[in-house]
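A.B. asks: Before I ask anything, let me first share the structure, which is written out below as structure tokens.
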């Protein structure tokens with residue numbers, strides 16, 4: 001879509017009209033990131049007093065030529081028009097040998113929590129029979145978000161009796177004194193194509209906590225499928241506005257998504273009045289791939305946040321964020 005978003009109206013409640021601002025960050029344009037091999041995946045914002053710090057995952061090759069996901073950030077001014085600086089080193093070290101985040105962290109979701117800054121991390125590690133395992137970790141910053149240290153070497157949420165595969169993409173916000181986590185969980189690994197490696201199917205779920213550490217998951221998918229039962233849903237991001245909770249996420253086909261444009265990630269939208277029941281209505285989001293350019297084949301890894309009385313949506317484009325991330329500003 002070329003110019004922007006139409007107005008959202010949900011149950012006659014006006015939300016916002018938005019404008020697609022285009023790509024605002026490309027890692028290849030910054031010499032501070034020359035040690036890495038591109039990508040700025042899953043941009044997630046932390047609004048500070050004098051800047052917006054946007055964390056993202058960037059790739060580096062290990063000694064065997066395989067990718068590792070590190071966390072970096074770029075600082076923008078509060079108007080999101082100018083870059084103030086780019087981190088020249090990762091904000092958190094990868095996990096120890098054999099831990100859940102040994103091979104990478106992606107995504108990295110920050111949250112102001114009282115007088116501290118925490119981050120919910122999606123740590124991943126390679127496996128043998130399938131490609132990857134993920135879990136959710138917790139880290140804390142003691143220097144206003146410049147660097148983070150783990151609360152512990154293990155995850156705070158991981159595969160379990162009723163969620164036996166993947167757990168990750170955790171996004172946490174506090175509403176009415178309760179920590180609400182939206183996350184993905186794997187429902188199966190399957191070999192969809194002859195002689196191809198197994199691919200995963202995952203859905204969005206919800207968990208709650210009173211301390212931000214010990215979460216109780218609801219153990220079920222909360223967003224209806226649009227494609228079919230093998231639809232993969234990822235990166236839920238939630239805001240509260242005008243009496244409703246609004247979620248943006250991304251979704252794709254389980255196979256063929258790396259090569260076929262029609263099977264790649266798109267943005268989805270759902271709303272709720274009680275955080276329990278969600279109504280999916282992707283068309284109301286009104287933001288779609290461009291006819292050409294950096295987001296003409298894929299839109300993925302969205303993130304909602306508020307700054308200077310405006311709502312903004314960050315997202316990645318083609319090749320899973322290889323070329324950076326863009327911005328849509330939701331204004332009256």
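The values are calculated or read from the model by the stated rules, or taken from the named source; none is laboratory data. Keep in mind it's a predicted model, so treat the numbers as computed, not measured. Ideal geometry is used to build each Cβ from the backbone, glycine not excepted, and the neighbour counts take in all protein chains shown.
A.B. asks: Considering only segment 275-284, state which residues are surrounded by 16 or more Cβ atoms within 10 Å (Cβ to Cβ) and more than 21 Å from residue 205 (Cβ to Cβ).
C.D. replies: 284
A.B. asks: Here's a follow-up. For segment 106-141, enumerate the residues that are assigned to a loop (DSSP other than H, G, I, E, B) and farther than 23 Å from residue 307 by Cα.
C.D. replies: 127, 128, 129, 130, 131 - these are the residues of segment 106-141 that are assigned to a loop (DSSP other than H, G, I, E, B) and farther than 23 Å from residue 307 by Cα.
A.B. asks: More than 23 Å from residue 105 (Cβ to Cβ), surrounded by fewer than 21 Cβ atoms within 10 Å (Cβ to Cβ), at pLDDT 95 or above and over 17 Å from the mean Cα position of the chain (by Cα): is that true of residue 272 in this structure?
C.D. replies: yes
A.B. asks: Counting only residues that are in a loop (DSSP other than H, G, I, E, B) and either closer than 12 Å to residue 246 by Cα or free of Cβ contacts under 8 Å to residues at least 40 places away in the same chain (or both), how many does segment 294-306 have?
C.D. replies: Count: 3.
A.B. asks: Going by what's in this entry, would residue 187 be described as surrounded by fewer than 21 Cβ atoms within 10 Å (Cβ to Cβ) and in contact (Cβ under 8 Å) with a residue 12 or more places away in the chain?
C.D. replies: When the stated conditions are applied, residue 187 passes them.
A.B. asks: When you look at residue 84, is it without any contact (Cβ under 8 Å) to a residue 40 or more places away in the chain and closer than 19 Å to residue 314 by Cα, yes or no?
C.D. replies: yes
Results for (1) touching a residue at least 12 places away in the same chain (Cβ under 8 Å); (2) over 15 Å from residue 225 (Cβ atoms); (3) in contact with a helix residue (DSSP H, G or I) (Cβ under 9 Å, 6 or more places away or on another chain), shown as yes or no for each residue.
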residue	(1), (2), (3)
269	yes, no, yes
273	yes, yes, no
281	yes, no, no
288	yes, yes, no
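A.B. asks: If you don't mind, another one. Looking at this structure, is residue 95 buried (at least 22 other Cβ atoms within 10 Å of the Cβ), under 15 Å from residue 42 (Cβ atoms) and either out of contact with any helix residue (DSSP H, G or I) (no Cβ under 9 Å at 6 or more places or on another chain) or modelled with pLDDT of 95 or more (or both)?
C.D. replies: No.
A.B. asks: Kindly provide the set of residues from segment 113-132 that are under 21 Å from residue 216 (Cα atoms) and modelled with pLDDT of 95 or more, ordered by number.
C.D. replies: Those that are under 21 Å from residue 216 (Cα atoms) and modelled with pLDDT of 95 or more: 118, 119, 120, 121, 122, 123.
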